[in-house]
1. So how much slack lies between residue 93 and residue 160, counting 0.36 nm per residue of separation and subtracting their Cα-Cα distance, in nm?
2. Can you list which of the DSSP-assigned H helices in the chain have a Cα extent of 24 Å or more along the long axis and an average Kyte-Doolittle score of at least -0.5?
3. Report the net charge of residues surrounding residue 187, where surrounding means a beta-carbon distance below 14 angstrom and charges are Lys +1, Arg +1, Asp -1, Glu -1.
4. So what is the relative contact order of region 5-308, in percent, for Cα pairs below 8 Å that sit 6 or more residues apart?
5. Which of 25, 39, 291, 16 comes first, and how do the rest follow, when ranked by fewest Cβ neighbours within 10 Å?
6. Take the alpha carbon atoms of region 187-264, find their center, do the same for region 11-71, and report the distance between the two centers in whole angstrom.
7. Could you check how many percent of all C-alpha pairs in the chain are farther apart than 26 Å?
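Here, each number is a calculation from the coordinates, and none is a lab measurement. As the structure is a computational prediction, the values presented were derived from the model and not from experiment. Please note: Cβ atoms are built from the backbone with ideal geometry, for glycine as well, and neighbour counts cover all protein chains shown.
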Amino acid sequence: MSELKFGWHMHSFPVDGSSGPAFLDQIHHTLDRIHPHFDSVWVDDHMLPWAEWQANDTPYLECTTTIAYFAAAYPALKFGASVLCQSYRNPGLLAKMAANLQWVTGGRFLFGIGAGWMEEEYVAYNIDFPKPSVRIAQLEEAVQIVRLLWTQSPASFEGTYYRIKDAYCEPRPDPVPPLLIGGGGERLTLRVVAKHADWWNISGGTYENYAHKLNVLRQHCEAVGRDYDEIVKTWSAEAVAVAGTEAEAQHIAAGSPYNENSIVGTPTQVAEQLQPFVDLGVRHLIVRLLDFPNTQGIETFAREVMPRLSTSR
């Protein structure tokens, strides 16, 4: 059984009213403390805050350029996109961008992609926003183009929505990044995951929801002839508050705008809430700590929660 890996879900915008420069300092301050303990850092792909409770004029980090910058500064960490919106970049260009990130980081890029969902952002940036079934069909064509460009030279593809003809992507990535697909739509998205993904991610939600999605994914794998166990399962715990006492952790959670399906408590209590996900098969656990920009929570998580979690139970 593979070792459990841990990722930090980097904040893409300040939640304490900080300026842009101060927010970057907060990110550096956190990375300076976690890089010996965590395996990866994950960055959202938006142009403006995705949260309804955050003003649109808040400073916001763009995904790919942020990864390039921080990957150079922290060479011990892998950096992943959580997840790239297939609509925002031509899939041929996206394949080249990802291959280039893999090249310049020395193989430390984790490629995550999804169908896209934030209609307000599509409208603001003049990007077509078709119905969900079309966006998911576009996602499937995009991941096929990406994989072709990473493995064939030249590459051609003719789809309903996207196409490439005698396209090159040199140097092709070596090793090829894992292709993670994010999303939990049961009829269409999880079928695309079963057909094409190396890794799968869904953010937040309950244990019961995650277990149910895994069962649906298993059914799709059986339907398309895919080995379910080939797909690496990841999960993003979007709201974790950990402290020396349960009361302290509850206080942190109560003061955070990230409050859906929170995991709150002492290190032992937090580990007890996360272990069931690991037992279901999660091999990359991605966490967002609620006391950011304070680093006490994430340092406590690294020191006292991570050693309590095991893939061998």
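1. Working: separation 67, 0.36 × 67 = 24.12 nm, distance 1.78 nm.
Separation in residues times 0.36 nm, less the Cα-Cα distance, equals 22.3 nm.
2. Values: long enough: 132-151 (29 Å, 0.48); 207-224 (26 Å, -0.71).
Long hydrophobic helices here: 132-151.
3. Numbers: positive: 131, 135, 191, 195, 213; negative: 140, 186.
The answer is +3.
4. Numbers: 538 pairs, mean separation 49.1, N = 304.
Normalised by residue count, the contact order of region 5-308 is 16 percent.
5. Numbers: 25 13, 39 18, 291 21, 16 10.
Exposure proxy ranking, most exposed first: 16, 25, 39, 291.
6. Cα centres, region 187-264 to region 11-71: 21 Å.
7. Details: 22527 of 48828 pairs.
Of all Cα-Cα distances in the chain, 46 percent exceed 26 Å.
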